[in-house]
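S.K.: My structure is below; once you've seen it, I'll send some questions.
The values are calculated or read from the model by the stated rules, or taken from the named source; none is laboratory data. Remember, predicted model here, so these are calculated numbers, not experimental data. Heads up, the Cβs are rebuilt from the backbone with ideal geometry, glycines too, and the neighbour counts pull from every protein chain shown. For accessibility, only protein heavy atoms count, side chains too; no ligands or nucleic acids. Shrake-Rupley method; radii C 1.70, N 1.55, O 1.52, S 1.80 Å.
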Amino acid sequence: MQYEDVPQPRPQDGEVLVRAHAASVNPVDWKVRDGALREPLPLNLPIILGGDFSGIVETVGSGVAGFYPGMAVFGMTSTPGYRRGAFAEYVAVRAVDIARMPETLDHANAAAVPLAGLTAWQALFDVGDLRRGQKILIHAGAGGVGGFAIQFAREAGAHVITTTSAANTDYVRRLGADDVIDYRITRFEQVVGDLDMVLDLIGGETQSRSYDVLRPGGVLVNAWGAIMKERADAAGVRGVKVAVTANGAQLAHIAGLIDSGRVGTSIGKIFPLAEAAAAFELSKTGHVRGKIVLTMT
């Protein structure tokens, strides 16, 4: 990666130019940087990394309603495939992909919401159809997506079980987890079963073992890696992918939950934009509580 000056983007029809104050780091960012996704996500370099942000509206393109210069907003970038362009001082984005920033958050905390929050929301409700009274296992509950998923599932009236390390047990309980499994000492399939849903944020062996804890007809929603269809079929359950999409309306709803005090945010560490490489290395450890955020100001 290089830290350098590039031309300021210009908003097109239906777009808003945002002066970014903060952006969050997501695991997909360092995976793209490392070349791990060159086959599923071919990109023409150079690119600006980063998928979500918060900031202040600078100008609006023609046909935009509801947004005006000086308005605080947050959202996901509008590029297809890998969301990119947020690790910069200015971001041009479709107006339908952003929302007014929660009034109770600063920019760093607001930037931590869009991609992780929308991934959790769409996984639970758009894909998984989670309902009140159901039992769900959320893997990696202390992470960015996991933390939002615990809170959303709690608000929906589900019984929430999560896996995490012992150091994060109290943290995920505060988020709303009913039961917590220390994955370092207990295999989750030995203590849970007959679940309605599993949210798999890890993949690999964890996904394979998760099919057996679902009730017949249950669903595993996977946010990373390929669905193991043969394992799902053998267990008599569904395995489905979630690929997050920008959605300003859903983001506005999440902002309302945050401003009402029913959903909170958590930041693991904040870095200045120039130190993005260090932020990526921390993300690669896979042991960060909450989100990693870059600030532009």
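S.K.: Through the Karplus equation 6.51 cos²θ - 1.76 cosθ + 1.60, θ set to phi - 60°, convert the phi angles of region 117-134 into ³J(HN,Hα) values in whole Hz; use x for Gly and Pro.
M.R.: Working through the residues one at a time gives x, 5, 4, 5, 4, 5, 5, 6, 9, 6, 9, x, 6, 5, 10, 4, x, 7 Hz.
S.K.: Now, a different point. Calculate for the chain the 222 nm mean residue ellipticity that helices alone would give, adding -39,500 (n - 2.57) per DSSP H run of length 4 or more and normalising by residue count, nearest 500 deg cm²/dmol.
M.R.: The helix-only estimate for the chain comes to -7000 deg cm²/dmol at 222 nm.
S.K.: To the nearest 10 square angstrom, how much accessible area does THR297 have with a 1.4 angstrom probe?
M.R.: Using a 1.4 Å probe on the heavy atoms, I get roughly 110 Å².
S.K.: Sticking with this structure for a sec: Enter the accessible area per residue of region 62-160 (Å², integer; probe 1.4 Å; all protein chains in place).
M.R.: 33 Å²
S.K.: Now for a separate question. Using a probe of 1.4 angstrom, how much of the accessible area of the chain is carbon and sulfur, in percent?
M.R.: 50 percent
S.K.: Something else now. Just to confirm the filter: which trypsin sites (Lys or Arg not before Pro) across region 114-170 are DSSP coil and have at most 11 other Cβ within 10 angstrom of their Cβ?
M.R.: Taking region 114-170 and a limit of 11 other Cβ atoms within 10 Å, the loop trypsin sites (Lys or Arg not before Pro) found are ARG132.
S.K.: Using a 10 angstrom cutoff on alpha carbons, build the Gaussian network for the chain and name the most mobile of VAL18, VAL263, VAL32.
M.R.: VAL32
S.K.: Can I ask one more? If you build a Gaussian network model of the chain, linking Cα atoms that sit under 10 Å apart, which residue out of ILE181, ILE254, ILE161 swings the most?
M.R.: Largest GNM mean-square fluctuation: ILE181.
S.K.: Suppose all protein chains stay in the model; what accessible area per residue would a 1.4 Å probe give for region 171-297, in Å²?
M.R.: 48 Å²
S.K.: Continuing with this model, one more query. In this model, which of LYS31/LYS269; LYS135/LYS269; LYS135/LYS241; LYS31/LYS241 are farther than 23 Å apart at the alpha-carbon?
M.R.: Over 23 Å Cα-Cα: LYS135/LYS269.
S.K.: Putting +1 on Lys and Arg Cβ atoms and -1 on Asp and Glu Cβ atoms, find which of VAL213, LEU175, LEU273 reaches farthest to the positive end of the dipole of the chain.
M.R.: VAL213
S.K.: Classify region 109-184 from the C-alpha gyration tensor, please: rounded if a/c falls under 1.5, else prolate or oblate depending on whether a/b exceeds b/c.
M.R.: It comes out oblate by the Cα gyration axes.
S.K.: If you don't mind, there's one more thing I want to ask. Sum up the charges of everything whose Cβ sits under 10 Å from the Cβ of SER210, counting Lys and Arg as +1 and Asp and Glu as -1, but leave SER210 out.
M.R.: After counting each charged neighbour, the total is -2.
S.K.: If one takes the longest principal axis of the Cα atoms in the chain, at what angle in degrees, from 0 to 90 and to the nearest 10, does the Cα axis of helix 248-259 lie?
M.R.: Between helix and principal axis, roughly 80 degrees.
S.K.: Which residue, ALA142, ALA166, ALA223, tops the fluctuation ranking in a GNM of the chain built on C-alpha contacts under 10 Å?
M.R.: Sorting by GNM fluctuation, first place goes to ALA166.
S.K.: Taking the Cα centre of the chain as the origin, how large is its charge dipole in debye, to the nearest 20, when only Lys and Arg (+1) and Asp and Glu (-1) carry charge on their Cβ atoms?
M.R.: With Lys and Arg at +1 and Asp and Glu at -1, about 360 debye.
S.K.: Ranked highest first by average number of other Cβ atoms within 10 Å, how do 38-47, 231-240 line up?
M.R.: 231-240, 38-47
S.K.: May I pose another question? Does anything in region 1-32 have its amide N under 17 Å from the 7 Å Cα→Cβ label point of ALA65, and if so which residues?
M.R.: Counting only backbone N, you get 13-16.
S.K.: Just to be sure I understand the model, the point goes 7 Å from the Cα along the line to the Cβ. What's the resulting LEU41 to HIS253 distance in nm?
M.R.: Label-label distance for LEU41 and HIS253, simple model: 2.5 nm.
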